[in-house]
Structure formats: structure tokens, C-alpha cells
1. Checking the structure you have, find out if any residue of the stretch 74-85 is part of a helix (DSSP H, G or I), without any contact (Cβ under 8 Å) to a residue 24 or more places away in the chain, farther than 27 Å from Ser223 by Cα and among the hydroxyl-bearing types (Ser, Thr, Tyr).
2. Phe235 is checked against (1) outside any helix (DSSP H, G or I); (2) modelled with pLDDT of 95 or more and fails just one. What number does that condition carry?
3. Pairs needed: first member in the stretch 195-216, surrounded by 24 or more Cβ atoms within 10 Å (Cβ to Cβ); second member anywhere, not in a helix (DSSP H, G or I); C-beta distance under 7 Å; at least 6 residues apart or different chains.
4. From Gly130, Gly106, grab the single residue that is on the phi < 0 side of the Ramachandran plot, at pLDDT 95 or above and out of contact with any helix residue (DSSP H, G or I) (no Cβ under 8 Å at 6 or more places or on another chain).
Amino acid sequence: MAGSMGRLSATNGMLHIVTALITVGLVVGLCGPARGTQEGGEPKSAVEPNADNVVDESLGTCLRLIEQGRFDEARKLVESIVALQPRSSRAHLVLALTYHKQRRYGVAKPIFERAIQLDPEDRLILPYYGWCLYYLGEADASRAQFEQFAAFMPEHADAHYALGLLDFDGGKREDAKRQFDLAIEFARKANGRIDEAKSRARLADVLVREGEWEKAKKELERSVALNPELYGAYFRLSRVLQRLGDEEGAQQARRMHDEVRRRLHPEQGHPE
């Protein structure tokens, strides 16, 4: 149960990953110019200077298609870029994302690895590859990616959130709490309501393990206030309220869980 709920929260966090790239400006770095690696290891542009704008625009289009769930269209476009620029690490990264967002992690993994091979200095690949490894159950390798990325961007909320999940899955509650607290701090600093919401929801899981039911309730209530679409938090809130004897509140939280889940993912059953 705990493992499946952890993976659900991580998946919910990944649902906005491309949107986050676009809205916070990382897409500027992601879309290049297209990057590649010479045999000697020196980073270089994989296309001629006058072709950079074309590649940048095409990769930006791919990201928007991925964001819209139009994975086949995005994949067809980015595959054409990879065919023309086979040493572009950024093109490989976007290609991997077309599979990753479909939860086809086994297919995405070697493409992420190829992107890293092409440009080992391109740290923007790390968090995506880290999530891919997390979903495949490769916890140690996943941690290595997020630790490297957190060293590169110390105030990146999602990196600390991921490390918190890994600590929680590993039974390291104090470490998990510290990472979730950092994720909340940096999300608030960046006005990242979605990152703050999911981090508070996972902090509540730690508090539940410690028997801090009232504190867990407050974190979950703040979580759904920040992101009313975080249906997993409603479900956990229903359990906490039930434990506290608030049957009416528990039923309302469960109704909200069911309503939001059906609206967002009508094809899925209960994750529990």
C-alpha cells in the first residue's frame, strides 16, 4: 500500500513536468541550441548555427504536444529531428519524454541513457532520468541522479521531493521529513503551488507514521487547498479524518477524491 501510494504521488507530480519546464523557463535551456558531444568529449552544437532556430522551434513544439498528451505526434516529429541530428542530446531527451509520459519507462530508459552519453554535462537530463529509474524500482540509481541535480540546483523543489520519497520508501522518516520541508520551502519561494501541495501531502504521510494525526490533517488540508486536483491527498485526508473520529469529514474527503479522480482519469480505478 505505502509503496503504491508513493508511486502514485510521484506520478501525479510528473503529470505537470513539461508544463513546469515551459512556465519556469527551463524550456529555454532544454531546447537548446541542440547539443551533442564530440568523440573527445567536448560539448558542441550538433547543427549548423543557422539551423539552431529550426531545431529549437521543433523541440518546443514537441514539448507542447507532450503536454497535450499527443505523444505519437510528438514522437514522430522528434524522431525526424533525431534522424537529422543523431548526436543531439536534447532531441534524445525529448524523445525519451514521449515514452516516459506514457509510463513506458523501460523504453524510455535507454533513450535517456543515450542522451547522457551524448552530453554528460547536460544536467537537465538528470531529474527525468531519475524519475524513470524511480518508477523502474532502481532506487539507488534514482537517488544518484537527484542528488547530482540538487547539487546543481540546490533550491529545486522537485529534486528534494524526490529525495524525500526515496528516504520515505527506505524507512528513513527523519531524512524524508527534512527533504519534504526543503521542498516546501523552495516551492513557496518559487510560488510553486503544485510542488508545495504534493510535498505537504507526502510530509503528512511521515506524520501519520509518527502518529501525529492532527499535524497530518493540517498538512493534507493545506495540500488540497493549494491543489484541489491532488486527489490522492483527498483519499489520505479521508483516512486521517476517520482516524480522528470525523466520519462526516472523512466521507466528504472521499467524495472529493472520487469526483476529482473520475474527472481527471475516468479510465482508471482506485489506485488503492
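1. yes
2. (1)
3. Every condition considered, the pairs that remain are Ala197/Asn227; Ala197/Leu230; Lys198/Leu230; Ala201/Leu230.
4. Details: Gly130 fails: out of contact with any helix residue (DSSP H, G or I) (no Cβ under 8 Å at 6 or more places or on another chain).
It is Gly106.
The values are calculated or read from the model by the stated rules, or taken from the named source; none is laboratory data. What you see is a predicted model, and the numbers here were worked out from it, not measured in a lab. So basically every Cβ, Gly included, is an ideal-geometry build from the backbone, and we count neighbours across all protein chains shown.
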